[in-house]
Amino acid sequence: MGKEIEKIALDRGHEIILKIDITNPEELTIANLQKADAAIEFTTPDSAVANYKLCFEAGIPVVSGTTGWLENLPEVHQLCKILNGTFFYTSNYSLGVNIFFALNKKLAQLMSSHDEYSIEMKEIHHTQKLDAPSGTAITLAEGILENIPAKKTWVNQPTDEAGEIGIISEREGQVPGTHIIKYDSEVDSIEITHLAKNRKGLAFGAVLAAEYSFGKKGILSMNDLLNLK
């Protein structure tokens, strides 16, 4: 992701001031961060929150692309407000996926009165992805829960419980990301799918998010960038 983001940023006329990985963590300082207009953070769940805080303290917007840390989201939002920071978070930076989120909510609204349909989700990703279900799948499940009152929670396994949405997570090869939502009844099925062909869409969206965040304050998302509210 870092290489894809760098290529797109350079193609769009930006300058890369600082690159941090496991070989140079000592360079991640407030002074170095303050040389940049924005930071794009794709790391690991155990380091993400500390990195966000450092960006807030440096006074630069941070775009969060890391998944698996969402139990700390309230803490990060609070830190952002206390330190007058700028925090851009979405579970998926693909423009197409965010349109898919809106489509998912609309379909759930249409299906909310049809309890003869069961709902099942599947997400497929590359074997290097450590968290499950994906952040994208969780966002999709939450979009359904918001719009179908009969559904109360999601579980990361198949389920026959009426109030649950089952999410099946599969890890195989180098799959960039596939998400499938299926409404199934005795007479028919309705299925919507988003299939990522590569990671360029994620990188492009992250760069757009960094551009959008510059000069703004507070908590931002793709709904703001794409005017999907």
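What follows is calculated from the coordinates using simple rules that are stated; it is not laboratory data. The structure presented is a predicted model; accordingly, all values stated were derived computationally and were not measured. Every residue, glycine among them, receives a Cβ derived from its backbone with ideal geometry; neighbour counts consider all protein chains shown.
General observations
- Taking the C-alpha atoms only, the angle from helix 95-111 to the longest principal axis of the chain is near 30 degrees.
- Measuring between their Cα centroids, region 184-225 and region 64-127 lie 9 Å from each other.
- Signed unit charges on C-beta, dipole axis of the chain, positive-most listed residue His194, Leu225, Leu110: Leu225
- Between Glu116 and Glu170, the simple label model (points 7 Å from Cα in the Cβ direction) yields a spacing of 2.9 nm.
- Length-normalised contact order for region 95-195 - Cα pairs under 8 Å, 6+ apart - percent: 34
- For the pair Leu70 and Ala50, a Förster radius of 25 Å applied to the C-beta separation gives a FRET efficiency near 0.95, rounded to the nearest 0.05.
- Whether region 95-195 is rounded, prolate or oblate, judged on the alpha carbon gyration tensor where a/c under 1.5 counts as rounded: prolate
- Given their separation in residues at 0.36 nm each and the Cα-Cα distance between them, Lys200 and Asn223 gain 6.3 nm when the chain is fully extended.
- Lysine pairs with alpha-carbon atoms under 23 Å apart, region 95-195, spacing 8 or more or separate chains: 13
- Sparse-neighbour loop sites [GluC sites (Glu not before Pro); region 3-39; at most 14 other C-beta within 10 Å; DSSP]: Glu15
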